[in-house]
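Colleague: Input: one structure, supplied below.
The values are calculated or read from the model by the stated rules, or taken from the named source; none is laboratory data. If you're wondering where the values come from, they're calculated on a predicted model, not measured in any experiment. Cβ coordinates were reconstructed from backbone atoms using ideal geometry, including for glycine residues, and neighbour counts include every protein chain displayed.
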Amino acid sequence: MKTDLIEIHDILFEKFGPQHWWPAETPFEVVVGAILTQSTAWKNVEKAIANLKKEGSLSPEGLRRIEEKKLSRLIRPAGYYNAKTRKLKEFIKHLYKNHGGDLEPMLNTPPAGLRRELLSIWGIGPETADSIILYAAEKPVFVVDAYTKRIFSRLGYVDGKIGYEGLKEFSEKNLPRDVKVYNEFHALLVRLGKDHCRKTKPRCAQCPLEKKCKKKRIPSKKK
């Protein structure tokens, strides 16, 4: 299986090339982006982050000082802006209470401890926590999402009902423990999911994994 996943990584990399994830200038920007990208498209997050930069609020101190109403207005393009305002404020509150507002010592925590800490913060779930660990802390934790589940289940590797932790464990067991591999593979799976392996009306004919996919071999239900 380990060889299969690496082969898939290589096929996707040859097809799509490097994805240059995460698109951010600083680790703190990654954290903010990971929180804002929940349940929205990245293009919307970019607009929200641009607003924060323009306002000079894209920093721990900036988010600490800004009023919630103003913050909600700035991040409105990312959707669910009231909930995400609270999530950002809760993260900043935790950062100052436990690390004096300094992100670096927090990100230097070993992966398991950092994950527990992130999950203890209101509004941060497993996918957001793992995104922060992989892309901001640059530690080898694989990020899985709906695209990962859809693609791996259609390839026949996992059951479509598998949970987040089970899918994460499967992925990490069958890939080399390497930050660059985790980074690129997750991004490539997202690209494949958006371009070809869609939830409805997948573009199978042009998919680089079409020959490996078992979905097409599932017999159709009789009408």
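Colleague: Only one of Glu165, Glu172, Glu184 is acidic (Asp, Glu), closer than 30 Å to Lys93 by Cβ and within 20 Å of the chain's Cα centre (by Cα). Can you tell me which?
Modeller: Values: Glu172 fails: closer than 30 Å to Lys93 by Cβ; Glu184 fails: closer than 30 Å to Lys93 by Cβ.
Glu165 is the lone residue from the list that is acidic (Asp, Glu), closer than 30 Å to Lys93 by Cβ and within 20 Å of the chain's Cα centre (by Cα).
Colleague: Follow-up question, since we're still on this one. Could you grab me the full set of residues in the range 196-214 that are touching a residue at least 40 places away in the same chain (Cβ under 8 Å) and under 19 Å from the mean Cα position of the chain (by Cα)?
Modeller: Residues satisfying the conditions are Cys197, Lys199.
Colleague: State whether the residues of the range 21-32 include one that is surrounded by fewer than 19 Cβ atoms within 10 Å (Cβ to Cβ), of a type in the set (A, V, I, L, M, F, W, C) and closer than 23 Å to Ile121 by Cα.
Modeller: Yes: the range 21-32 contains one or more residues that are surrounded by fewer than 19 Cβ atoms within 10 Å (Cβ to Cβ), of a type in the set (A, V, I, L, M, F, W, C) and closer than 23 Å to Ile121 by Cα.
Colleague: Ok, one more. Filter the helices (runs of 4 or more DSSP H) completely within the range 1-72 down to those with at least 2 residues that are aliphatic (A, V, I, L, M). Give the derivation first.
Modeller: Values: elements: 2-16, 27-36, 42-55, 60-65.
Once the helices (runs of 4 or more DSSP H) in the range 1-72 are filtered for at least 2 residues that are aliphatic (A, V, I, L, M), what remains is 2-16, 27-36, 42-55.
Colleague: For the range 156-166, how many residues meet the condition of being touching a residue at least 12 places away in the same chain (Cβ under 8 Å) and out of contact with any Lys or Arg (no Cβ under 6 Å at 6 or more places or on another chain)?
Modeller: Filtering the range 156-166 for residues touching a residue at least 12 places away in the same chain (Cβ under 8 Å) gives 156-158, 162, 164-165.
Right, trim to out of contact with any Lys or Arg (no Cβ under 6 Å at 6 or more places or on another chain) and you get 157-158, 162, 164-165.
Here the count works out to 5.
Colleague: If you take the residues of the range 76-129 that are polar (S, T, N, Q) and either assigned by TED's automatic domain parsing to the domain that holds Thr148 or within 20 Å of the chain's Cα centre (by Cα) (or both), which of them is nearest to Trp42 (Cα to Cα)? Break it down stepwise before answering.
Modeller: Taking the range 76-129 as the starting set, the residues that turn out to be polar (S, T, N, Q) are 82, 85, 98, 108-109, 120, 128.
Now drop any that are not either assigned by TED's automatic domain parsing to the domain that holds Thr148 or within 20 Å of the chain's Cα centre (by Cα) (or both), which leaves 85, 108-109, 120, 128.
Working: Thr85: 17, Asn108: 27, Thr109: 28, Ser120: 25, Thr128: 14 Å.
Within the range 76-129, the match that is nearest to Trp42 (Cα to Cα) is Thr128.
Colleague: Looking only at the range 102-125, decide whether some residue is part of a helix (DSSP H, G or I) and under 30 Å from Leu209 (Cα atoms).
Modeller: No, every residue in the range 102-125 fails to be part of a helix (DSSP H, G or I) and under 30 Å from Leu209 (Cα atoms).
Colleague: Out of (1) under 16 Å from Glu172 (Cβ atoms); (2) in a helix (DSSP H, G or I), what's the single condition that is false for Lys97?
Modeller: (1)
Colleague: Criterion first (touching a Phe, Trp or Tyr at 6+ places or on another chain (Cβ under 7 Å) and surrounded by fewer than 17 Cβ atoms within 10 Å (Cβ to Cβ)) does Glu104 satisfy it?
Modeller: Details: touching a Phe, Trp or Tyr at 6+ places or on another chain (Cβ under 7 Å): no; surrounded by fewer than 17 Cβ atoms within 10 Å (Cβ to Cβ): yes.
Judged against the criteria, Glu104 is not a match.
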